[in-house]
Amino acid sequence: MMFTRADDVRLEIPRAAIEAIFDECDRYNVDETGGRILGTYNNTGHDLSLAVSGIIEPGPNAQRTQTYFKQDGAYQELVFRQVEDHVPEIEHLGNWHTHHVNGLKHLSGGDIDTYRRTVEHNKHNTRFFFALLVTEKVPGGKGLERYVFKNYLMRRGDENVYEIPARAVTIVDAPLVWPTTERPLPRKKRAPTDTIVGNPDLVLDQDVICQFFPKVKTLQSKELGIYWRGGIILANSSVQEVVVLRDPEADGACTVTLRDPPEALEPVNKELGKSNFASARAALIATERACNTQLLSCLSQKGRRRLWTF
């Protein structure tokens, strides 16, 4: 496949952005993965300068195989809106994804068709689309040397697919707007009770909840038995308190309730009241996703421009 060299494009990308991408590659070394690239740009005539300042992860509902990848656009939109509230000039510059798992060293025909539709879409906010492609894993490589990547660009109204040469790429030391540079404090593992230790599924619940829902506490009472209560952090940074009840006589089936939810999340609370979940971890994950999806729907109803057109 022939690509046109982009002699009029300059790319600046922080080391932290490359590390975030490579860390995601390390997590998925069999199936494709990817994410969104945020930043700013300066366009003078045909000269284009891109400055990357953030990487959005694929999201909890991303779909992957060795030759197929679909991002969780709902989650990514919520993250983008959160970033945009603090950095109004931020733009969705493009995407990154991986081919090192299948051996293809360049963009596929499907990639090009998808990005072509995106850049030509009337709701896409820029006249270009940037694509970073991880093409190879380097045996024994460490840090920024453990993968090889290429950079591509497509322009609206232009049939060419441009490859940005390595000499036009500058790696800089700069913080990211996403993921945030602040790291959470190490989470303390709670000592499980004898009742939890005696049930492997409850032990797994304990481990998952402790790691991913640190504000949710495992409690026990004579009336309710083991239950969970605390806050889940949503994509807009709000904290919603939830209660998860477990019925030991129904194979541990769980129900979940939102405590004092805002008006926007009342529909979620009603739907959750109709559902049973196989475990507490399943209940919390489903609740987090349902709340984030509802928040995204509320944003969309406000008429804000659509970001992800594919």
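Of the residues 300, 279, only one is crowded, with 19+ Cβ neighbours inside 10 Å, touching a helix residue (DSSP H, G or I) at 6+ places or on another chain (Cβ under 9 Å) and hydroxyl-bearing (Ser, Thr, Tyr); which? Break it down into steps so the answer makes sense when it comes.
Working: 300 fails: crowded, with 19+ Cβ neighbours inside 10 Å.
So the residue among 300, 279 that is crowded, with 19+ Cβ neighbours inside 10 Å, touching a helix residue (DSSP H, G or I) at 6+ places or on another chain (Cβ under 9 Å) and hydroxyl-bearing (Ser, Thr, Tyr) is 279.
Can you name the strands (runs of 3 or more DSSP E) wholly within the stretch 38-139 that have at least 3 residues being surrounded by fewer than 21 Cβ atoms within 10 Å (Cβ to Cβ)? Give the steps one after another, and end with the answer.
Values: elements: 47-56, 91-98, 128-137.
Hits in the stretch 38-139: 47-56, 128-137.
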Give the number of residues within the stretch 210-247 that are over 23 Å from residue 59 (Cβ atoms) and out of contact with any strand residue (DSSP E or B) (no Cβ under 6 Å at 6 or more places or on another chain). 5
Kindly indicate the residue of the stretch 208-245 that is under 20 Å from the mean Cα position of the chain (by Cα) and under 20 Å from residue 278 (Cα atoms) and also most open to solvent (accessible area, probe 1.4 Å) among those meeting that condition. 212
Does residue 27 qualify as being farther than 30 Å from residue 288 by Cβ, of a type in the set (D, E, K, R) and open to solvent by 60 Å² or more (accessible area, probe 1.4 Å)? no
Considering only the stretch 246-271, how many residues are farther than 24 Å from residue 81 by Cα and open to solvent by 10 Å² or more (accessible area, probe 1.4 Å)? 13
Filtered residues of the stretch 140-166 (kept if β-branched (Val, Ile, Thr) and open to solvent by less than 50 Å² (accessible area, probe 1.4 Å)): 161, 164
Subset of the stretch 1-24, residues within 10 Å of residue 168 (Cβ to Cβ), of a type outside the set (D, E, K, R) and either part of a loop (DSSP other than H, G, I, E, B) or open to solvent by 80 Å² or more (accessible area, probe 1.4 Å) (or both), comes to 6
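The values are calculated or read from the model by the stated rules, or taken from the named source; none is laboratory data. Because the structure is predicted, anything quoted here is derived from the model rather than measured. For neighbour counting, all protein chains shown are included, and Cβ atoms are generated from backbone atoms with ideal geometry for every residue, glycine included. The area values use the complete protein model at the heavy-atom level, side chains included, leaving out ligands, DNA and RNA. Shrake-Rupley method; radii C 1.70, N 1.55, O 1.52, S 1.80 Å.
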